[in-house]
Amino acid sequence: MCLILPTRESLQRDQVTVSFLSPNTHTGLRGQTQEIQHSLHRKRRNLSTTRFNNMPGNLLKNPNGDEDLEHWELTENGGDQWRTEDMPGDCGHAFNDESVTKYFCTSFEPCLKRQMIDLLAEGYDPENLDFAQPAVTVEDWYCSRTDCGCIYNLTVSLLDENKEVITEFKSDEVTLDPDCDDCSWKKVSHTFTDYGPDLRFISFEHGGQDTKYWQGWFGVRVTGSSVTIDF
């Protein structure tokens with residue numbers, strides 16, 4: 001058997017080859033990999049922006065009572081219970097948007113109703129929600145009759161995948177007295193920002209009752225509710 005020993009020139013060539021593949025090449029490859037990752041990240045963010053901008057506006061279903069009480073969970077249904085009426089109703093007030101033709105009305109004991117918005121079911125991507133943490137804006141409209149006072153409450157909670165509260169907004173309990181207050185339609189709104197990752201559900205609950213315990217539907221009236229996500 002003939003043993004062939006490497007020549008000096010071949011060793012030099014091998015050394016040059018090895019030195020070319022180590023550390024400068026590794027650094028260059030690492031830089032290229034990082035650039036690719038940054039590029040993908042930018043593309044993902046752009047896709048996220050497009051996705052959010054293409055999502056529907058109001059995430060609440062049946063916000064004005066056009067479908068009676070459909071899509072709402074009646075968490076409190078006291079007195080003569082929740083019902084819907086046509087705008088402006090007895091002893092009522094005109095609404096500032098003619099396209100809103102109905103409202104929900106409450107009775108002489110507490111009436112509360114809620115919707116639980118599942119953001120993943122609505123098409124939002126969890127990675128995008130965690131990265132972007134888009135502003136969540138809630139609005140609601142309420143009024144009382146001209147012949148009876150009322151109490152109004154609103155609670156909106158941002159929840160994680162286990163429906164644990166991340167943060168929440170509670171309006172101050174409002175009491176309207178037609179003898180001394182402006183009882184026409186009023187808007188309450190709030191915007192959530194910088195709330196951190198893990199947002200998966202939004203709970204929207206509102207309602208109230210009347211202040212005179214009259215049989216019938218003399219309590220607070222609500223309509224025009226909305227929950228929107230703004231990128």
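The values are calculated or read from the model by the stated rules, or taken from the named source; none is laboratory data. As the structure is a prediction and not an experimental result, all values here were calculated from the model. Using ideal geometry, Cβ is built from the backbone for each residue, glycine included, and neighbour counts are taken over all protein chains shown. We work out accessible area using only protein heavy atoms, side chains counted, and drop any ligands, DNA or RNA first. Shrake-Rupley method; radii C 1.70, N 1.55, O 1.52, S 1.80 Å.
Suppose all protein chains stay in the model; what accessible area per residue would a 1.4 Å probe give for region 73-230, in Å²?
I get 45 Å² per residue for region 73-230.
Label points 7 Å out from Cα along the Cβ direction at T175 and Q81: separation in nm?
Each label point lies 7 Å from its Cα, and together they span 2.9 nm.
If I model a spin label as a point 7 Å beyond the Cα along the Cα-Cβ vector, how far apart are those points for N162 and D230 in nm?
3.3 nm
Taking the alpha-carbon set of region 62-108, what are its Rg and Dmax in Å?
Computed over the Cα atoms of region 62-108, radius of gyration and Dmax are 11.2, 30 Å.
Can you give the accessible area of I229 in Å² (nearest 10), computed on protein heavy atoms with a 1.4 Å probe?
20 Å²
From the convex hull of the Cα coordinates of region 185-231, what is the mean projected area in square nanometres?
Averaging across all directions leaves 5.1 nm² for the Cα convex hull.
Out of every Cα-Cα pair in region 94-231, what percent are more than 23 Å apart?
Taking all Cα-Cα pairs of region 94-231, the fraction more than 23 Å apart is 40 percent.
Tell me the trypsin sites (Lys or Arg not before Pro) within region 109-196 that lie in a loop according to DSSP and have at most 14 other beta-carbon atoms within 10 Å.
K163
Could you let me know the centre-to-centre spacing of region 179-231 and region 63-107, using Cα atoms, in angstrom?
With region 179-231 and region 63-107 each reduced to a Cα centre, they are spaced 12 Å.
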